[in-house]
Structure formats: structure tokens, C-alpha cells
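The values are calculated or read from the model by the stated rules, or taken from the named source; none is laboratory data. Owing to the predicted nature of the structure, the values given are computational and were not obtained by experimental measurement. For neighbour counting, all protein chains shown are included, and Cβ atoms are generated from backbone atoms with ideal geometry for every residue, glycine included. The protein model used for the area step is the full one, side chains on, heavy atoms only, and it has no ligands, DNA or RNA in it. Shrake-Rupley method; radii C 1.70, N 1.55, O 1.52, S 1.80 Å.
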Amino acid sequence: MTAPTAARSFPVVETAVLRVAVAGNPNSGKSTLINSLAGTRLHVGNWPGVTVEKKEAALEHRGQRIALIDLPGTYSLSPYTEEEIIARDFLVHDRPDIIVDVVDATNLERNLYLTLQLLELGIPVIVALNIYDEAEKKGYKIDVKAMEAALGVTVVPTVATRKTGMNDLLEAVTGAIAKGSRSLPRSQSYGEDIEAAVKMLTAGIVDRHPALVERYPRRWLALKLMEGDRRVLAEANISGVDSLMKDAVGHLREAHGEDLESLMADARYSLAAGLTREVLQRPSVRKTEMTEKIDRVVLNRFLGIPIFFAAMWFVFKMTFDLSAPFADWLDGAINGPLTRWIEASTNLLHGPDWLVSLMTKGVIAGVGSVLVFVPVIFAMMFFITFLEGSGYMARAAFVMDRAMHSMGLHGKSFIPMILGFGCNVPAQSGTVLWSLYVMGIVLAVLMGILFKRTLFRGESPMFIMELPPYRMPSGRSLAIHTWEKGKHFLIKAGTYILAVSVLVWFLLNLPWGVENKKDSYLGKVGSAIAPVFAPLGFGNWEASSSLIAGVIAKEIVVGTMGEIYVRETEKKPEGPAPTFFEDLREIGTSFASAGREAFTNVISTVGITSLKAEEKEEEATLRSVVAKSFTPLSAYAFMAFVLLYMPCVVAAAAFKHEFGTWKWFGVAFVYQTILAWSVAFIVYQGGKLFGIGG
Amino acid sequence: MGIVDFVLIGLIVGGAFYLLYRSLWKKKGYCHGCDSAGKCK
């Protein structure tokens with residue numbers, strides 16, 4: 001098993017693109033395999049269901065262009081979940097040239113259940129026996145040759161995370177086509193009765209429904225009709241009581257009852273179990289694995305949820321301790337040297353005064369205030385990626401699923417909730433961030449229950465989740481996925497946050513030349529709606545104006561505050577301005593000291609670190625000025641409001657795109673605004689009542 | 001404020017609105033940071 005060979009080393013022969021569908025069970029490593037083969041960065045995570053739609057990657061091997069289609073992970077090709085339907089429709093209707101079936105070598109029997117269904121499709125299959133290293137570690141001995149003989153397909157052991165076996169796999173893929181024969185896998189026998197029925201159905205289909213033969217693989221169609229697959233019956237326009245069906249499966253129904261789907265499932269499981277027995281040799285004495293030992297504690301009925309919240313607190317705490325010194329460093333660099341450089345450059349180009357102001361008090365103040373959070377975002381994404389890759393996120397969903405199931409909700413929707421905190425990250429400290437996070441989860445669960453009992457009645461979809469083994473994520477994978485997640489924040493800063501910062505600057509300066517910013521257009525609108533927020537503790541025009549701008553996207557709240565407050569606090573430094581090189585030296589030395597401080601923070605004890613960090617915050621310009629307009633309690637109420645208030649324009653566009661109507665956006669708008677106001681009201685008034693943070 | 005200033009302002013504001021339209025609306029709610037929002041081609 002070797003690394004993939006560079007395609008450049010072979011003469012390029014122009015051929016059509018070979019379409020290779022990559023199918024397999026959830027969490028068998030399909031996306032990782034594609035990333036290793038094609039050098040792409042499809043999102044991967046050590047929890048099932050990361051890929052819920054088809055994704056494509058392109059590569060070239062020995063002059064053969066190959067399009068890899070990453071299908072959602074499924075346990076079968078039955079039509080019960082969205083993932084199964086997507087994968088199945090593609091395989092049946094789009095007919096890829098080859099299927100690479102990614103089989104988790106540590107769970108052979110369960111994975112072979114899907115393999116058997118893929119073999120029914122009449123498409124060449126190559127099995128990538130993935131996670132082979134872990135199977136070997138467990139003491140499993142898999143007879144690859146015997147497996148190839150039994151299935152009638154090429155089997156290639158792979159370790160996608162280490163790019164092992166990738167070249168062999170590509171050779172197998174291109175080799176299958178080079179032969180020109182496109183040899184099909186051996187047809188597996190499900191027993192005499194079933195095979196007789198399949199034969200009769202196939203003949204009947206060819207005879208009575210010839211058009212269907214063009215649309216579906218014959219054997220697959222016959223098996224699906226026999227199972228009574230509603231989707232296929234409807235698509236093929238065949239009734240379950242059709243004479244063809246009666247003739248072919250009548251005797252099976254008599255012998256096994258109406259539920260032939262269960263009969264087929266039993267047949268496939270029996271075959272998968274038999275194949276596994278033939279090719280797999282397990283160690284005679286089974287040790288209790290580390291994963292099981294950890295899970296006994298982490299999945300404990302009583303400890304599971306407290307452990308999850310404690311883990312997330314630790315993530316937020318580490319995020320803050322690690323990133324706060326770098327955030328302060330960035331704040332200093334942006335508001336000091338960078339502002340001076342841009343001011344000097346604009347003056348040098350004889351730019352008008354308003355342009356200098358737009359650049360420094362609009363763009364730098366607005367975008368810069370948001371960019372200060374880049375270290376926080378990246379640190380946060382690093383720890384979240386670590387939890388995902390380690391396998392803990394799947395446990396978190398499982399633990400929450402158990403708790404939520406009794407309330408009619410299911411844990412699958414919980415995973416995005418755990419991960420989707422990016423828009424709301426900018427906050428003051430790890431503990432505050434964590435408390436807002438917990439508040440968000442609690443409210444989401446409560447609202448979920450409310451909606452489930454009012455607007456969205458009906459049964460919850462089935463939620464099956466496999467718990468992957470704990471793994472130490474590789475440094476490369478951590479780096480790539482932290483960057484992939486974090487870079488979106490930089491994209492936002494360079495696109496709509498920049499655009500809104502420019503527009504906000506104009507709104508704060510119109511009518512042109514306005515002296516007091518409170519009298520600007522934005523100030524007037526902010527002042528007009530400020531009374532609405534007075535009971536929440538932030539009834540000032542500055543906060544209201546920021547909330548209006550935040551309708552575009554929540555990060556813009558911070559940017560707008562940066563623009564509003566920088567105008568109130570701006571003061572020229574005393575003495576001559578430092579030279580360019582002095583600025584550079586200062587940036588370098590302050591970065592080094594930020595690094596030292598972050599290191600000290602991370603290794604310090606929890607309490608002392610927090611105090612240190614909070615003392616330091618007082619020195620920061622924007623934070624200290626904002627602190628004059630807010631009490632700790634009103635600031636918390638403000639953050640709670642920002643966390644919960646109406647979806648931004650991005651969400652509006654998503655709603656319109658998904659539902660094709662504004663109705664649901666309107667519902668979400670009204671409900672979230674009311675919820676945000678109510679929660680902020682309870683936080684502020686409740687806090688005042690108990691004398692907290694006022 | 002001269003004609004050049006007005007032209008410059010027009011260009012800047014127009015550019016800002018275009019950037020907003022392109023990055024927010026045209027992408028139909030593409031969620032930066034959401035796992036499965038975009039397609040990788």
C-alpha cells in the first residue's frame with residue numbers, strides 16, 4: 001500500500017471522465033478517502049452524517065480523469081431517510097461507472113449489509129477496506145483474497161487518514177475500466193425461494209413492463225418490487241396486487257407473511273454474517289477497549305449531560321484564555337499602527353478629509369472591531385474540531401438525544417446546535433460565552449418542544465447514530481479543518497462586514513457635516529426605537545443603532561459599535577507619531593508578549609487566569625468605552641438579545657430559498673424578536689430584582 | 001465637495017451595495033461555516 005502516484009508522471013490520454021460514486025456506511029471514512037485521493041477538503045468529522053448531500057471532487061490518474069462523488073453515508077438503500085434516498089437515487093438513476101464501497105474493516109458484518117445491496121445494482125464495485133490499521137490493532141485478520149472471491153470484486157485495504165492504499169485503489173478503479181470489460185460483481189444468492197421469485201419477476205418485467213428495464217437494473221428492480229418498496233412501486237407504476245406480483249411472490253407471502261421486506265433484510269444479514277465468518281478471524285480473547293471504558297462514564301445516564309456542559313465550559317475557557325492576549329494584540333495593532341498607516345497613505349494620495357475619515361473611522365473601526373475576534377474564532381474552531389475528530393461530539397448528540405427523546409425531539413438536530421455558535425462567538429469572557437451557549441441550547445430545546453406540540457406535529461424521524469471509537473485527530477486534519485471553519489469569518493470581514501461598515505459610516509455622517517452623531521440618520525432612527533429597549537437596560541441610541549445594523553448579520557453589531565464609539569473617544573496621541581519601523585518592532589514585541597501571556601493563561605489555574613484576563617480587558621479602548629454605556633447586567637441582557645434576536649439577512653435569503661415563500665421567515669422574525677426581547681427583559685429585570693450586576 | 005467627491009461617493013456606496021448583494025442575497029443564504037451548505041466541485 002503506497003501513496004497515490006502523481007498523475008503527471010504518466011502520459012495523459014484524453015478520455016471521458018470516469019464517474020466514481022463513493023458509497024458506504026456513515027463514518028466509514030468516505031470523505032476522508034476522497035480528500036486523500038483528490039487533495040480536496042471536504043468536511044469530515046468523527047461522527048456519522050457529516051455528508052448529507054452529494055459532493056464531488058476531481059482528479060486524474062494515469063491520464064484518466066475521474067470524478068469522485070461523495071454520497072451520504074447510509075446503512076442500506078431502503079427509502080426511509082433523506083441520506084438513503086439521495087444515495088440510492090444517484091446510484092439507480094445516474095448510474096455511475098464504478099462504485100467504490102468504503103467498508104469499515106472494524107465493523108465488517110454491518111458494512112457488508114450495504115455492500116450486498118450495492119452488488120445488486122449491476123454496477124462494477126470496488127471495495128475499499130478502510131480503517132484497516134484499527135482492525136489490525138484489534139487483532140482482526142481479514143482474508144482479503146477470500147473476500148474478493150466471495151464477493152467477486154476487487155478489495156483494497158486502505159487507511160484513508162494516512163493516505164495508505166490510495167494508489168492501489170486508483171489502480172483498481174482505472175484498471176477496471178482499462179480491461180474494457182467492466183466486469184460486474186458476482187450475483188449473490190439469497191436462497192432458493194427468493195431467487196426463484198426474483199427470476200420470475202425479472203422475466204415478467206421484461207415481458208410486461210419493458211420500459212422499466214431501461215430505467216432500472218433488472219435484479220435490483222425485482223428485489224425492490226418483492227420487498228414492496230413503495231417508492232419503486234410508485235415510480236414503476238406497479239401495484240402490490242399486480243398479477244405479476246401475485247404470480248412471482250404469492251408463494252413467498254403464503255410462507256412468510258406479507259412482510260417480505262423483513263424476509264429480504266434477514267436474507268442479507270444472514271449472508272453478511274456468513275461472509276464475515278468466512279473472511280474474518282477475530283482474536284479469541286476480547287479485551288475491554290478504551291472506548292468502552294470512557295463511554296461507561298461519558299454516556300452515563302446521570303453524568304452524561306453534566307460532563308457535556310463541563311466539556312463545553314472547558315472549551316470556552318480554553319478558547320478565551322488562549323485567544324484573549326492575541327485579541328488584545330490585534331486590537332492594538334489595528335487601532336494603532338494600521339490606522340496610522342492608512343491615514344498617512346490616504347493623505348499622501350491627497351485624498352479628501354472625508355475619505356480619510358471613512359477609511360479610519362468607518363472601515364478600520366468597523367471591520368477592525370470584528371477582526372479583533374479572529375483569534376477567538378480560530379481558537380474556538382480548533383477546540384470544536386478536536387472534539388469532533390475525537391468522537392466526543394457523537395456522544396454529546398447521543399446523550400442529548402436520550403434526554404430530548406422524551407420531549408419528542410431527537411439529538412441529530414443537536415449537532416449543528418453544538419457546532420453552530422460561530423456567529424455569536426464575540427463576547428467578553430469564556431464563562432460569559434459558555435453561559436450564553438447554555439442559554440441558547442436550553443431555549444432551543446424549549447422552543448423545539450413548543451413547536452413540536454403546536455406547529456410541527458407528527459412523528460420524529462428515526463434517528464440511528466453509530467458511536468465511533470475515540471480517536472486522536474491528526475495535527476494535519478486539525479489544522480485543515482480549523483482553517484476551513486475559521487476562514488469563513490475572514491471572508492465575512494472582507495465582504496459584507498466591510499460593505500456595512502462603509503454604509504454605516506455614511507449613515508453616521510448624513511446629513512453631510514452633522515456634528516453630533518446622535519443627530520445623524522442612523523442616530524435618529526436609533527433614538528426613535530431606543531425606548532423599546534429601555535426595559536432591557538440598553539435604551540440608548542448607540543445600542544439601538546447597532547442592533548439595526550446587526551439585522552444584516554450579527555457580527556455587524558460589534559462593527560457598528562466600533563464605529564459609533566470610536567468617534568466619541570478619539571483622541572490624538574501626544575508627541576511625535578512613531579515611525580513605520582518603530583510600529584513594526586512594536587507589533588513584533590507585543591505579539592511575542594501575547595504569546596507568552598497565552599501560554600501562561602493556558603497553564604495557569606482556572607480562577608487566577610480569569611481574574612487576570614478580566615483586569616486586562618479594562619485597558620482595551622472599545623471595551624472600556626462601551627463599559628460606560630452598559631452595566632454588567634445590561635451588557636449581559638444586550639448579549640442575550642443579540643444571541644436570540646431576528647435572523648439576519650443571510651437567514652432570510654436561506655428561508656426564501658428553502659421554502660420559496662416569505663411566510664416562514666415572517667414567523668421566525670416575529671417569534672425570535674419576541675423571544676429575544678422577553679429573555680433580555682427577564683435577565684435585566686430579574687437581575688435588578690436580585691441585585692446582580694446592576 | 002466637488003463633482004469628483006460625488007462620483008467617488010457614488011462608486012463607494014454602489015460598490016458596498018453590490019458587495020452586500022453578492023455576498024448575502026445572490027448566494028441564497030449560503031451559510032459560511034455551515035457544514036453542508038456549499039458544494040465542493
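Structure notes:
- Residues whose amide H lies under 5 Å from that of residue A:61, counting only those 5 or more places away or on a different chain, are A:66; hydrogens are built 1.01 Å from N in the peptide plane.
- Within the full protein context, the accessible area of residue A:134 is estimated at about 40 Å² for a probe radius of 1.4 Å.
- In this structure, the amide hydrogen of residue A:56, modeled 1.01 Å from its nitrogen in the peptide plane, lies closer than 5 angstrom to those of A:70, B:40, counting only residues at least 5 positions away or on a different chain.
- Only protein atoms count toward the accessible area here, which uses a 1.4 Å probe; on segment A:7-178, the carbon and sulfur part of that area reaches 50 percent.
- DSSP-assigned coil residues among GluC sites (Glu not before Pro) in segment A:483-578, each with at most 15 further Cβ atoms within 10 Å: A:515, A:570, A:574
- As a calculated quantity, the FRET efficiency between residue A:480 and residue A:65 at R0 = 25 Å, using C-beta atoms, amounts to about 0.50.
- Share of carbon and sulfur in the accessible heavy-atom surface of segment A:192-281 [1.4 Å probe, %]: 49
- 10 Å Cβ neighbours from other chains, averaged over peptide B:7-16: 4
- For peptides A:471-482, A:305-316, A:213-224, sequence by mean Cβ density within 10 Å, most packed first: A:213-224, A:305-316, A:471-482
- Overall form of segment A:192-281 per C-alpha gyration tensor (a/c, 1.5; a/b vs b/c): prolate
- Cα-based shape type of segment A:156-229, given that a ≥ b ≥ c are square roots of the gyration tensor eigenvalues and the cut on a/c is 1.5: prolate
- Threshold 40 Å² - residues in segment A:643-690 whose accessible area is reduced by that much or more when the chain is no longer isolated, probe 1.4 Å: A:650, A:653, A:657
- For segment A:7-178, projected area of the alpha-carbon convex hull averaged over all directions, nm²: 9.5
- Taking Lys and Arg as +1 and Asp and Glu as -1, the other residues whose beta-carbon sits under 14 Å from that of residue A:534 total 0.
- Overall form of segment A:520-559 per C-alpha gyration tensor (a/c, 1.5; a/b vs b/c): oblate
- If R0 is taken as 30 Å, the Cβ-Cβ distance between residue A:265 and residue A:447 corresponds to a FRET efficiency of 0.20.
- Total accessible surface hidden between A and B, rounded to 100 Å², 1.4 Å probe: 2600
- Residue pairs, from the table A:452/A:487; A:361/A:688; A:30/A:452; A:487/A:656; A:224/A:452, whose Cα atoms sit over 29 Å apart: A:452/A:487; A:361/A:688; A:30/A:452; A:224/A:452
- Other-chain or far-sequence residues with amide H under 5 Å of residue A:100's (modelled H): A:21, A:22, A:23, A:126
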